[in-house]
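The values are calculated or read from the model by the stated rules, or taken from the named source; none is laboratory data. Owing to the predicted nature of the structure, the values given are computational and were not obtained by experimental measurement. Using ideal geometry, Cβ is built from the backbone for each residue, glycine included, and neighbour counts are taken over all protein chains shown. Please note that ligands, DNA and RNA were not included when accessible areas were found on the heavy atoms of the full protein model with its side chains. Shrake-Rupley method; radii C 1.70, N 1.55, O 1.52, S 1.80 Å.
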Amino acid sequence: MEILVAVAVIVVIAKILGVSNFILILCGLGLIELIIIAMALFFVWCTLNLLFTKKCSAHFTRFDTPEKGKFKVAYYMIDDVEYPCVFPRESGLSGNIYDTNKIYKVRFSRIMKKVYDIWAVITCIVGLIFSFSAVGITLSIIKQLGVMI
């Protein structure tokens, strides 16, 4: 909420100083671009971390909220130690895609002490593709708008 108030104050001050609407829109798009680049860097980091994981067999045990987390994640048992998944569980499909009687192939991250199940791997790959596409598209839009100035 405070961020919205700060943005509104900045816009009002900019309008008082005579900044055009086009420049304000261009600045807003630049801010959105920075957020999209941060998202792309997040997926790059997750994918790089994924490359240095160890393949393991694991049993799915339960869904629970980690100590420092807000969302429920899947927990897997590897060598009698339980580890959480990197990403939150899938909200609509969890009952159908997780089975406690099945052995899953997961990737264990020794750095984070978490696992990447198949859904986390798919999230990393799809997130990387879409975030780089979003960066490219938004940069081209900003470039075309910049030419109009």
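Just to compare against my own numbers: the Cα pair-distance distribution for segment 1-96, 10 Å bins, whole % per bin, please.
Taking every Cα pair in segment 1-96, the percentages come to 12, 25, 24, 17, 15, 6, 1.
For segment 1-110, which chymotrypsin sites (Phe, Trp or Tyr not before Pro) pass both filters: DSSP loop (anything but H, G, I, E, B) and at most 11 other C-beta atoms within 10 Å?
Phe52, Phe71
Considering amide H positions built from the backbone, and no H for Pro or chain starts, which residues 5 or more places from Ile78, or on another chain, come under 5 Å of its amide H?
It is Tyr83, by chain and number.
R0 = 35 Å: FRET efficiency of Ile118 with Ile32, Cβ-based, nearest 0.05?
That gives a FRET efficiency of 0.65.
So how exposed is Arg107, as accessible area in Å² (1.4 Å probe, rounded to 10)?
Taking all protein chains as shown, Arg107 has close to 70 Å².
With Cβ to Cβ distances under 12 Å as the rule, what net charge do the other residues near Thr65 carry (K, R +1; D, E -1)?
In short, +3.
Over segment 28-106, what relative contact order in percent results from Cα pairs under 8 Å that are six or more residues apart?
Computed value for segment 28-106: 29 percent relative contact order.
Filter the GluC sites (Glu not before Pro) in segment 62-149 down to the DSSP loop ones having no more than 10 other Cβ atoms within 10 Å, then list what survives.
When the GluC sites (Glu not before Pro) of segment 62-149 are filtered for loop state and at most 10 Cβ neighbours within 10 Å, Glu67 remain.
What distance in nm separates the simple spin-label points at Ile78 and Ile25, each placed 7 Å from Cα in the Cβ direction?
5.0
What ³J(HN,Hα) values, in whole Hz, does the Karplus curve 6.51 cos²θ - 1.76 cosθ + 1.60 give for segment 27-33 when θ = phi - 60°, with x put for Gly and Pro?
Running phi through 6.51 cos²θ - 1.76 cosθ + 1.60 with θ = phi - 60° gives 5, x, 5, x, 5, 4, 4 Hz.
Take the Cβ-Cβ distance between Cys56 and Ser91 as r, set R0 to 22 Å, and report the resulting FRET efficiency rounded to the nearest 0.05.
Taking R0 as 22 Å, the efficiency between Cys56 and Ser91 is 0.30.
Quick one: accessible surface of Lys54, probe radius 1.4 Å, all protein chains present, in square angstrom to the nearest 10.
100
Where both residues lie in the chain, what percent of DSSP beta bridges are antiparallel, nearest 5?
95
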